[in-house]
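Each remark here refers to the structure printed beneath this line.
The values are calculated or read from the model by the stated rules, or taken from the named source; none is laboratory data. These figures come from a predicted structure and were not determined experimentally. We place every Cβ from the backbone using ideal geometry, glycine too, and count neighbours over all the protein chains shown.
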Amino acid sequence: MSSQQTEQSPWERAVRIIKPDQFDSHTPQTAGMRRVAAVTKKLADTKGIWAGVTNVRAHVGTGKHHHGEQETVIYVATGSIQMVWGDNLEFQANAEAGDFIYVPPFVPHKEMNAGDIPSQWVIARTGQEPIVVNLEPADSAQQAINDNLHAIL
């Protein structure tokens, strides 16, 4: 055996595979959707990115929220999204499976699944913390949970 085969390469542990049963549901939530974290500092030792999966039932909309200083990219894996955004949610666009959506920092928005089937989205954000600022918490208990998660992360 050569010395190259017996020595551990510094790249050996560089790539991480995170399986669905490893996803972390202890991430801030917004009414109407269920987020799970997949690529985080804790799960993949990331240096500046967060990624996860969001599932939204048919005919359900989220609460108005933003993600602080983070840029957000959403890939619509299944179903569709009706995005509304702006201070008064005065702007609107529709996206369907295969589309990407870019949301700049601090933009108030809501996502809605107006379709008849559940929708699944893959989300990536700059930064290691999943920042979620709910602007109209449907329930004060959920906002308290989010605030506590932000304090821990």
Over the stretch 11-49, the set of residues touching a Gly at 6+ places or on another chain (Cβ under 6 Å) and in contact (Cβ under 8 Å) with a residue 24 or more places away in the chain is T30, A31, G32, R35, A37
Residue set W50, W85; condition in contact with a Lys or Arg (Cβ under 8 Å, 6 or more places away or on another chain) and modelled with pLDDT of 95 or more; output residue W85
Considering the stretch 18-76, residues that are of a type outside the set (A, V, I, L, M), touching a Leu at 6+ places or on another chain (Cβ under 8 Å) and not in a loop (DSSP other than H, G, I, E, B), and then whichever is farthest from E136 (Cα to Cα), we arrive at Q22
The residue that is surrounded by the fewest Cβ atoms within 10 Å (Cβ to Cβ), considering only those in the stretch 77-127 that are of a type in the set (A, V, I, L, M) and part of a loop (DSSP other than H, G, I, E, B), is I117
One residue is enough: does the stretch 35-58 have a residue meeting the conditions under 12 Å from V122 (Cβ atoms), among the basic types (K, R) and touching a Ser or Thr at 6+ places or on another chain (Cβ under 9 Å)?
yes
- Task: Output yes when any residue across the stretch 27-43 is closer than 20 Å to N134 by Cα and more than 13 Å from the chain's Cα centre (by Cα), and no when none is.
- Result: yes
The one condition T40 fails out of (1) modelled with pLDDT under 90; (2) surrounded by fewer than 15 Cβ atoms within 10 Å (Cβ to Cβ); (3) polar (S, T, N, Q) is (2)
